[in-house]
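The block underneath contains the structure these notes are about, expressed in structure tokens.
The values are calculated or read from the model by the stated rules, or taken from the named source; none is laboratory data. Computed from a predicted structure; not experimentally measured. Ideal geometry is used to build each Cβ from the backbone, glycine not excepted, and the neighbour counts take in all protein chains shown. With ligands, DNA and RNA removed, areas are computed over all heavy atoms of the protein, side chains included. Shrake-Rupley method; radii C 1.70, N 1.55, O 1.52, S 1.80 Å.
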Amino acid sequence: MTITTVGVVGAGLMGSGIAEVCAVQGMHTRVCERDDPSLQAARRRIERSLERGRSTGKLSDEVVERAIATLDFTTDVETMSDRDIVVEAIVERLADKTRLFEVLDRVVPDHAILATNTSSLPIIEIARSTHRADRVIGTHFFNPAPVMRLLELVRSIATSDRTLETARAFGERLGKRIIVAQDRGGFIVNLLLIPFLTHAVRLYESGFASRDDIDEGMRLGCGHPMGPLALCDFIGLDVLYAVCDSLYEEFKRDEYAPPPLMKRMVASGRLGRKSGRGFYEYAER
């Protein structure tokens, strides 16, 4: 099966980026959000990103106009009934995702693939809420999706070979480098990344080193483009906390547990760049 029509449900930073990448490749892309203000915010976010691409010369006028023409926006999930693939990019809570997949399973055509952009939740738990577990797969994009080249495909115990190969072809058409992970918490990237980030938070929390010295050490000493605490802010402390919780629930290992400081920062609304303040302060949200 060749994918020509795409649905994206949930159009925050990740969902908007995924929709933009699909539209730039000329795929008819329908974006769904829960209410009109969220939908209009997503439209503005995508259009601003496309205009930035045009102004920097990364995208031609023709590509930008084609992308805008191939996008449409809705608050009605029932309109996903003609899609070849629907990518879910809502909040990282298993109960919310399974409820949505129950609806999507009823709405989308039998041949369609249902994909989740989860960064840590078990794919099989999401798949079992449908009658098409063989056509459910994890498509873990990385933020910002229009820039980051990696797409991590996550295959559950029920995902068919055909679904995996169709998803691979879809990702390659988007210009992504594909890696394939089995359905274990964190998959490949986050299973390695999360202990690194939580250890950096604990070093800072304990007073072992300053925020700037931790980040400068990893940037200048290891060649990382961004220090771990700055990366926590970029990801979002609330997202990171949810991933830590999920990994700790699966493995019960201390390196995956969210540090107490992270919990208190989330409770106080210090979520990183998205809220204007995390480990660093940001002039604009």
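Extending 7 Å from Cα along the Cβ direction at ALA209 and again at THR75 yields two label points whose distance is 4.9 nm. Rolled with a 1.4 Å probe across the full set of protein chains, the surface gives LYS274 an accessible area near 90 Å².
Report, to the nearest whole %, how much of the accessible area of the stretch 173-273 belongs to carbon and sulfur atoms, 1.4 Å probe, protein only. The computed percentage sits at 55.
Within straight-line reach of LYS263, meaning a Cα separation under 17 Å, sit the following aspartates and glutamates at least 8 residues removed in sequence or on another chain: GLU92, GLU205, ASP233, ASP238, ASP245, GLU249, ASP254, GLU255.
Using only alpha carbon pairs under 8 Å that are at least six residues apart, calculate the relative contact order of the stretch 134-197 and give it in whole percent.
Details: 80 pairs, mean separation 19.8, N = 64.
Result for the stretch 134-197 is 31 percent.
Rounded to the nearest 10 square angstrom, TYR204 shows an accessible area of 80 square angstrom against a 1.4 Å probe. Taking amide hydrogens as placed 1.01 Å from N in the peptide plane, the amide H of ALA181 sits under 5 Å from those of LEU153, VAL154, ARG155, each at least 5 positions away in sequence or on another chain.
Loop-only check: which GluC sites (Glu not before Pro) in the stretch 245-285 are DSSP coil with at most 10 other Cβ within 10 angstrom?
Numbers: sites: GLU249, GLU250, GLU255, GLU281, GLU284; in loops: GLU284.
Counting only loop positions with at most 10 other Cβ atoms within 10 Å, the GluC sites (Glu not before Pro) in the stretch 245-285 are GLU284.
Taking other residues whose beta carbon is less than 10 angstrom from the beta carbon of GLY15, and scoring Lys, Arg as +1 and Asp, Glu as -1, yields -2. Evaluated at q = 0.09, 0.10, 0.14, 0.19 Å⁻¹, the base-10 log of the normalised Debye intensity for the stretch 3-157, with identical point scatterers placed on the Cα atoms, takes the values -0.26, -0.32, -0.63, -1.15.
What does the C-alpha gyration tensor say about the overall shape of the stretch 192-279? Classify as rounded when a/c is under 1.5, otherwise prolate if a/b is larger than b/c, or oblate. Taking the square roots of the gyration eigenvalues as a ≥ b ≥ c, the stretch 192-279 is oblate. Loop-located trypsin sites (Lys or Arg not before Pro) in the stretch 99-159 (DSSP state other than H, G, I, E, B) with a sparse environment of at most 12 neighbouring Cβ atoms within 10 Å: ARG149.
Computed over the chain, relative contact order equals 14 percent, with contacts defined as Cα pairs under 8 Å that lie 6+ residues apart.
Can you tell me the accessible area per residue over the chain, all protein chains present, probe 1.4 angstrom, in square angstrom?
Values: 13600 Å² over 285 residues.
Accessible surface, normalised per residue, equals 48 Å².
Counting only residues at least eight positions apart within a chain, or on another chain, the lysines with an alpha carbon under 21 Å from that of LYS58 are LYS176.
Leaving ligands, DNA and RNA out of it, report the carbon-plus-sulfur percent of the accessible area of the stretch 21-132 at a 1.4 Å probe. Before the final figure, lay out the partial values.
Working: 2490 of 5220 Å².
After summing per-atom areas, the C and S share lands at 48 percent.
Rounding to the nearest 20 debye, state how big the charge dipole of the stretch 206-272 is about its Cα centre with +1 on each Lys and Arg Cβ and -1 on each Asp and Glu Cβ. Before the final figure, lay out each step's value.
On the way: 7 positive and 11 negative charges, 29 e Å.
Using Cβ point charges on Lys, Arg, Asp and Glu, the stretch 206-272 gives about 140 debye.
How big is the Cα convex hull of the stretch 86-134 in projection, averaged over all directions, in nm²?
Numbers: hull surface 11.8 nm².
The Cα convex hull of the stretch 86-134, projected and averaged over all directions, gives 2.9 nm².
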